[in-house]
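This report refers to the structure that appears directly beneath it.
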Amino acid sequence: MARTDLDTPTSVTDLVTPTWEYAPAPQATDVVSIAATNDLFIGGDWVSTRDGSTTATLNPATEEQLATYTVAGPADVDAAVAAARTAFASWSRLRPATRGAHLYRIARIMQERAREFAVLESLDNGKPIRESRDVDVPTAAAHFFYHAGWADKLDWAGLGPGPRPLGVAGQVIPWNFPLLMLAWKIAPALACGNTVVLKPAETTPLTALLFAEVCQQADLPPGVVNIVTGDGDTGAHLVSHDGVDKVAFTGSTAVGKAIARQVAGSDKKVTLELGGKAANIVFDDAAMDQAVEGIVNGIFFNQGHVCCAGSRLLVQENVHEEVVDRLTERLGTLRLGDPLDKNTDIGAINSSDQLGRITDLVAAGEAEGATKWELDCALPTNGFWFRPTVFTGVEQSHTIATDEIFGPVLSVLTFRTPDEAVAKANNTPYGLSAGVWTEKGSRILEMAGRLRAGVVWANTFNRFDPTSPFGGYKESGYGREGGRHGLSAYLKPAA
Amino acid sequence: MARLDVRKTWKLWIGGAFPRSESGRTWEVTAADGSDEVANVSMASRKDTRDAVVAARKAVGPWSGATAYNRGQILYRAAEMLESRRDTFVDEVRFATGATARAAADEVDAAIDRWVHVAGWSDKLAAIDGSANPVAGPYFDFTLPEPTGVVGVLAPQDSALLGLVTVVARAIVTGNTCVVVASAQAPTVAISLAEVLATSDLPAGVVNVLTGFADELGPILASHMDVNAIDLAGAGDDWAALEAAAADNLKRVLRPAATDWGLDPVPAQMLALTESKTVWHPRGM
């Protein structure tokens, strides 16, 4: 901000607003009990491993062990797929409204136990309780509620009358939205009459295991949902398993490509929701305060661990300085720290591995000549943390402009004309999402039409809704999740 | 003294032009209908394939940017051009397949009707596949199909004209452009079809026709990093390797399937080569 040399306060707010210190506002963690050890959920029961091993999941904010869980081996995956196959026979023939009734129950139980899920998610993932409580858990419950209603309406899903389920779905999900990604995978699969074997991420298995308990409470028939915790090998066993008819994966583009190669030549149906390097485009006529909030939400929501994060900010050149000034001023108010504190904006990085990747990419950004700004704040001594970071002077060829960082790091580039904005935005192998900030409705629609991305947010960012299809173009994957379009990933036309 | 007729040189169709293969290669195609005609057909190479992809990429903007009505009219125009050369195509099909005059005529008629049928989908697919999504917030949220971009097409080997017309039409009706490898059994039919399309107001590069061999050209298209999707209809038994190669840039893959080319394509077959775009547009006073 411009400063004057006058002997007066620089703004009215300096006169009337004292600086408040925040008192700690910790969310109680005793609402959730975490079992010290965890078995696999197969065929409706907790079963110990046949040929797997055990590992621990940490609280990334403290590096303390939360629990141990099972790393499922090939025989465990076999058993889970077999249980899902057995359950498929009756689940797929169940009266559709009854399938829906089970899903409604699940949605309601998730709402009733929402605080438990939110606390557990923040403990295991490191995300602020404000986000797990207000976004992850309610949106996950909404996803079940929405799909429950589809179960007896599939004749109108767009595949013609009498569409059929595919069979057993093998689903592998990431650590950034553990419960929400579970909901995106399981809800449509079950509504369409499939049964599932789901593998949660290595660093965030706990809410999936709590969800298994919800399935029991909802009297879901045994084997309809099976949860096999584990690592990448577990996931590979699952997606390559001969007994799996459908593979659904959310995660990195590299693993997505490996899965696409693995299923090549089979008749498995595949949907992939992979990486992104979204452009968030700010025109000079945008409502600036709103745009700045949107930029912050676009890249610092969930510590930037978001595949559709607005990680490339494209600012019209004549407002670049204004936007960057306002942005860094706004970032100065972000509170980084205890994820369980209700005032926390920026939580912990999910793992030391991820922290290492972010650190390396930021070092590359500096080495390649971009100008780094970072939030001036203290970091907790334990746990994995990264300061919100903004790079200006970024060139399209810089690593931080091309590679997905998956952390709280924003790269700022500029453009002069709408054509240049489109060309720069589309200059990536990814195509998951994009943002447009302008007060002009016709420009929103024209930009939306020209951006090669599956989701375009105008004057907002990172919004998700079960009715709204989500998924990528190009190397961000294929298939959609949510809405009527998402159902076709789990159905085939009548014979 | 009898007039010596002028024979046609069978070339490729790339970017609206009819070049020979840069490789200089041809192969001899003999008549299946018992005549002693022989055609020396261009045998497309890796370089030809790459040139065709460049031409197809260049055409994506104009073709996908055309109105759906305009695309529908141009595809209908292809039916008109084909109808006007109906007798020629009957001879072409007989040369390639040895079919009876009656069967060849039926195939040509079906191919003409196929163009008309698919042309009519151009301005209707968005209405049946698009959606307004009732999100819980102040947004008008909608989803529409968009073309995926450049499609590599391996035309079915067993259907000289009708199969070829179907795989090309279903790829381009939504605004995609394509590079099609013609059936090695019927390359001359494909080049004659290119001549029809060349006079149908189709922008240069929207369709590019390569005559040659799917086992040579298929892997080039499948692994090409500037191709967005691949239709493996004519890939033969080794299609798994092509699908695996397509994973390098996560191409959309249409796996080969037992297909009755006599049936019109269903929307799902056209939509398989599109992307769904969701837009969140703000509402407010």
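The values are calculated or read from the model by the stated rules, or taken from the named source; none is laboratory data. All of these numbers come straight from a predicted model, not from anything done at the bench. Note: ideal-geometry Cβ built from the backbone for every residue, glycine included; neighbour counts use all protein chains shown. Accessible surface is based on the protein model in full, side chains and every heavy atom, while ligands, DNA and RNA are left aside. Shrake-Rupley method; radii C 1.70, N 1.55, O 1.52, S 1.80 Å.
If I ignore ligands, DNA and RNA and count only protein heavy atoms, how much of A:D30 is accessible to a 1.4 Å probe, in Å² to the nearest 10?
Its heavy atoms expose roughly 130 Å² to the probe.
On the accessible surface of the protein assembly as shown, probed at 1.4 Å, how many percent belong to carbon and sulfur atoms? Don't skip to the answer; put the middle values down first.
Working: 15540 of 30250 Å².
Answer for the protein assembly as shown is 51 percent, counting heavy atoms of protein chains only.
Can you give the charge dipole size of region A:279-465 about its Cα centre, rounded to the nearest 20 debye, using +1 on the beta carbon of Lys and Arg and -1 on the beta carbon of Asp and Glu?
Once rounded to the nearest 20, the dipole reads 420 debye.
Could you point to the residue in A:G298, A:F391, A:N343 farthest towards the positive end of region A:279-465's charge dipole, with +1 and -1 charges on the Cβ of Lys/Arg and Asp/Glu respectively?
A:G298
Magnitude of the Cβ-charge dipole of region A:143-253, K/R +1 and D/E -1, about the Cα centre, nearest 20 debye?
240
Using a 10 Å cut-off around each Cβ of peptide A:443-453, what is the average number of partner chain Cβ atoms that fall inside?
Per residue, the average neighbour count from other chains is 3.
If each of B:F18 and A:R50 carries a label point 7 Å out from its Cα toward its Cβ, how far apart are those two points in nm?
The modelled label-to-label distance comes out at 6.5 nm.
For chain A, what does the helix formula give at 222 nm: sum of -39500 (n - 2.57) over DSSP H segments with n ≥ 4, over the residue count, nearest 500 deg cm²/dmol?
Values: 16 runs with 179 residues, N = 495.
Dividing the helical sum by the residues of chain A leaves -11000 deg cm²/dmol.
Given a cut-off of 27 Å, name the pairs among A:K185/A:K257; A:K199/A:K342; A:K246/B:K124; A:K269/A:K424; A:K268/B:K251 whose C-alpha atoms lie farther apart than that in the structure shown. Spell out each step's value before the answer.
Details: A:K185/A:K257 19 Å; A:K199/A:K342 30 Å; A:K246/B:K124 30 Å; A:K269/A:K424 33 Å; A:K268/B:K251 16 Å.
From A:K185/A:K257; A:K199/A:K342; A:K246/B:K124; A:K269/A:K424; A:K268/B:K251, over 27 Å: A:K199/A:K342; A:K246/B:K124; A:K269/A:K424.
Quick one: what are the phi-derived ³J(HN,Hα) couplings along region A:236-243, Karplus 6.51/-1.76/1.60 with θ = phi - 60°, whole Hz, x for glycine and proline?
5, 4, 5, 5, 8, 5, 5, x
Please report, in Å, the Rg and the Dmax of chain B, where both are computed over Cα atoms only.
Looking at chain B, its Cα Rg and Dmax stand at 19.5, 85 Å.
Taking the Cα centre as origin and putting +1 on Lys and Arg beta-carbons and -1 on Asp and Glu beta-carbons, what dipole magnitude results for the protein assembly as shown, to the nearest 20 debye?
1560
Based on the Cβ-Cβ distance from B:K8 to A:W156, what FRET efficiency comes out when R0 is 56 Å, to the nearest 0.05?
Working: r = 52 Å, r/R0 = 0.93.
Taking R0 as 56 Å, the efficiency between B:K8 and A:W156 is 0.60.
From the phi of every residue in region B:164-172, what ³J(HN,Hα) in whole Hz does the Karplus formula 6.51 cos²θ - 1.76 cosθ + 1.60 yield, where θ is phi - 60° and glycine or proline is x?
Result, rounded to whole Hz: 4, 4, 5, 5, 6, 5, 5, 7, 8.
What does the structure give for A:247-258 when I average, per residue, the other chain Cβ atoms found within 10 Å of the residue Cβ?
Other-chain Cβ atoms within 10 Å of each residue's Cβ, averaged: 1.
Write down the Å³ per residue value for the convex hull defined by the alpha carbon atoms of region A:279-465.
Values: hull volume 21.8 nm³, N = 187.
Residue-normalised Cα hull volume stands at 116 Å³.
Summarise the partner chain shielding of B:137-148 as one whole number: the mean count of Cβ atoms from other chains within 10 Å of each residue's Cβ.
Taking the mean over all residues of the peptide, I get 4.
Can you work out the FRET efficiency for the pair B:D123 and A:E21, with r the C-beta to C-beta distance and R0 = 51 Å, to the nearest 0.05?
According to the calculation, E is roughly 0.25.
Run through all the Cα pairs of chain A and give the fraction in each 20 Å bin from 0, expressed as whole percent.
Answer for chain A: a P(r) of 24, 55, 20, 2, 0 percent.
For region A:204-278 and region A:418-495, what is the centre-to-centre distance using only Cα atoms, to the nearest Å?
The distance from the Cα centre of region A:204-278 to that of region A:418-495 comes to 23 Å.
Compute log10 of I(q)/I(0) for region B:57-99 with the Debye formula, placing one identical point scatterer on every Cα and leaving out solvent, at q = 0.20, 0.23, 0.31 Å⁻¹, to two decimals.
The computed values of log10 I(q)/I(0) come out as -0.71, -0.76, -0.98.
Please compute the modelled spin-label separation between A:R164 and A:R416, points set 7 Å along Cα→Cβ, answer in nm with one decimal.
Roughly 6.0 nm, to one decimal.
From the helices alone, meaning DSSP H stretches of at least four residues, give me the mean residue ellipticity at 222 nm for chain B, per-run term -39500 (n - 2.57), in deg cm²/dmol to the nearest 500.
Details: 10 runs with 119 residues, N = 285.
When only DSSP H runs of four or more count, the value is -13000 deg cm²/dmol.
Taking chain B as a Gaussian network, Cα atoms linked when under 10 Å apart, which of B:K251, B:K47, B:K58 shows the biggest mean-square fluctuation?
B:K47
Please give the net charge around A:G472, taking every other residue with its beta carbon less than 14 angstrom from that of A:G472, where Lys and Arg add +1 and Asp and Glu add -1.
Neighbour charge sum, excluding A:G472 itself: +2.
Using a 1.4 Å probe and counting only protein heavy atoms, how much accessible surface gets buried when A and B come together, both sides summed, in Å² to the nearest 100?
Using a 1.4 Å probe on protein heavy atoms, the buried area is about 2900 Å².
Taking 7 Å along the Cα-to-C-beta vector as the label spot, tell me the A:D376-A:D30 distance in nanometres, rounded to one decimal.
With each label point 7 Å from Cα toward Cβ, the separation is 4.1 nm.
Express in nm, to one decimal, how much length is gained between A:E213 and A:D284 on full extension, taking 0.36 nm for each residue of separation and deducting their alpha carbon distance.
Going from the current span to full extension adds 20.5 nm.
Assuming 0.36 nm per residue, please report the length gained on full extension of the stretch B:D158 to B:T67 beyond their Cα-Cα distance.
Net length gain for the segment: 29.4 nm.
Just to be sure I understand: of the beta bridges DSSP finds with both ends in the protein assembly as shown, what percent are antiparallel, rounded to 5?
Bridges in the protein assembly as shown are about 40 percent antiparallel.
Could you derive backbone 3J(HN,Hα) for region A:322-337 from the dihedral phi with the Karplus parameters 6.51, -1.76 and 1.60 (θ = phi - 60°), listing whole Hz in sequence and x where the residue is Gly or Pro?
Once rounded to whole Hz, the list reads 4, 5, 5, 4, 5, 5, 5, 5, 5, 5, x, 8, 6, 10, 9, x.
Taking a probe of 1.4 angstrom, what is the accessible area of A:W150 in Å², to the nearest 10?
Approximately 40 Å² of A:W150 is accessible to the 1.4 Å probe.
What accessible area per residue, rounded to a whole number of Å², is obtained for region A:279-465 using a probe radius of 1.4 Å?
Accessible area per residue, region A:279-465: 36 Å².
Could you tell me what percent of the DSSP beta bridges with both partners in region A:279-465 are antiparallel, to the nearest 5?
If we restrict to bridges inside region A:279-465, about 15 percent are antiparallel.
Pairs of alpha-carbon atoms within less than 8 angstrom and 6+ residues apart define the contacts here; what relative contact order does chain A have, in percent?
Details: 1120 pairs, mean separation 88.2, N = 495.
Across chain A, relative contact order equals 18 percent.
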